[in-house]
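Since the structure comes first, as structure tokens, the remarks are kept for the end.
The values are calculated or read from the model by the stated rules, or taken from the named source; none is laboratory data. None of these values were measured; they are calculated from a predicted model. Methodologically, a virtual Cβ is constructed for each residue, glycine included, from the backbone with ideal geometry; neighbour enumeration extends over all protein chains shown. Accessible surface is based on the protein model in full, side chains and every heavy atom, while ligands, DNA and RNA are left aside. Shrake-Rupley method; radii C 1.70, N 1.55, O 1.52, S 1.80 Å.
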Amino acid sequence: MTPRPGSAGLLEEKLGPGPADLVSLAPGRVNLIGEHTDYNEGFVLPVAIDRYTEIAFRRRRDMSVRIYSSAFDESFSVELPLREPRPEGRWHDYLLGILLEFGKLLDFPQGFDAAIVSHVPLGAGLSSSASLEVAFAVGIARLFGIGIGGLELVELCQRAERDFVGVPCGIMDQYVAYFGRAGHALLLDTRALRHRVVPLELTGLTFLVIDSGTRRTLAGSGYAAHRRECGEAARWLAARFPDAGIRSLRDVSPEMLDRVRGEMPEVLWRRARHVVEENGRVIAAADALARGDAEGFGRLLTASHISLRDLFEVSTPQLDFLVEQGLSLGALGARLMGGGFGGASLHLVREASVEEYVSRLGAAYRRRWGLTLKSFEVRPGDGTYELARTSPRR
Ligand code: GLA
């Protein structure tokens, strides 16, 4: 493997001599379970991984911002204050969105240079974009001594992605990129915006992320349409059960859905069914994890996949193949992970058989789809931090 220069080295190499003032990092994430629940005020169980987006920052004397990205081997520059920028469907949209949000809080005193190195694979369902946003926002806050952190900063990142980039994402990815804790999953209630940490200890087992090699971007996928359907489903149910206090699908019970089967528009019913049952699975999965019940946990993963495939309809033939083959090769559970429409899958497998599992699954996948699988074992890492400090921020 060719050594990759760290972001501070890259800053000097690509944007001129002079040391970095600080380096910020934020991780990608794996979501164990709870898919398409976060924008319905439901529950999710994500884990920050030990793969980070790393950004070196250096203040400038003028008002320019120059940013180099190693993933795209490209630089981008802009002058502060921003003058009505428009999204261009490029990597720097995320950064412009963050700059715009900070621009609402303060007048930037000066510009800066930044060099980005991403160790989070892009477009593979690992939320490289949220890790970029959080690392960038944490770095800017620190660079200019802006007293913003915690949930406020997480929400700033979500707004940047939603309002500027145009992806109506939930809050899970930015939240876990900030609050993640090594060795733990976060059981996050996206209505209360509070989490509980759950130790990730399944003895003899490991979570594998297997990338289907079919890329997707949320901006170009059916994500927004599915989100709209969830909103419509909640409104339909609120009108049908006016006394139940339904604000979102979080407030809907399985029994309500049983009662309106055949009466509610079919697609909306399926979307709602997925969300309502998935919320139940998240809670059950956190309990299974706490009890060390790996088999129970695995069954919930697979049930989640079936629901994402049949009810929420965000799977692809490649992801279905990976899950089915994985189960026949002995996985305790498997499912597509993230928004869907391609990207990654998550497999719970025995540690001792990881190598054989990956090689047999890879061979079957190559035969069927002519694509090479990429996989890695999930090692839970910490949320965002600064390199200069010895311990993670919290
Ligand atoms: C993407 C979004 C998240 C979440 C997932 C689906 O990763 O960014 O907010 O909605 O899809 O669970």
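Some observations on this one:
- Local net charge near LEU193, Cβ-Cβ under 12 Å (Lys/Arg +1, Asp/Glu -1): -3
- Annotation: peptides 357-368, 298-309, ranked by per-residue average of other Cβ atoms within 10 Å with the highest first, follow the order 298-309, 357-368.
- Computed over the chain, the ratio Rg/Rh where both radii use C-alpha atoms and Rh is Kirkwood: 0.98
- For the stretch 161-214, applying the loop criterion from DSSP together with a ceiling of 15 other beta carbons within 10 Å to the trypsin sites (Lys or Arg not before Pro) yields ARG191.
- To the nearest ten degrees, helix 128-143 and the longest principal axis of the Cα atoms of the chain are 40 degrees apart.
- As a ratio to 2.2 N^0.38 Å, the alpha-carbon radius of gyration computed for the stretch 205-378 takes the value 1.13.
- In the chain, the portion of solvent-accessible area held by carbon and sulfur atoms comes to 49 percent [1.4 Å probe, whole percent, DNA, RNA and ligands not counted].
- The chain: angle of helix 266-291 to the longest principal axis, Cα-based, in degrees nearest 10: 80
- When each of the peptides 329-338, 252-261, 58-67 is scored by how many other beta carbons lie within 10 Å of its residues on average, the order from highest to lowest is 329-338, 58-67, 252-261.
- Projecting label points 7 angstrom from Cα along Cα→Cβ for ARG367 and ARG196 puts them 4.5 nm apart.
- Estimated FRET transfer efficiency (GLU255, ARG162; beta-carbon r; R0 30 Å; 0.05): 0.35
- Cβ-placed point charges (K, R +1; D, E -1), dipole of the stretch 1-123 about Cα centre in debye, nearest 20: 280
- Simple spin-label estimate for GLN110 and LEU82 in nanometres, 7 Å along Cα-Cβ: 2.2
- Accessible area per residue, Å², the chain with all protein chains present, probe 1.4 Å: 42
- Taking the C-alpha atoms only, the angle from helix 294-310 to the longest principal axis of the chain is near 90 degrees.
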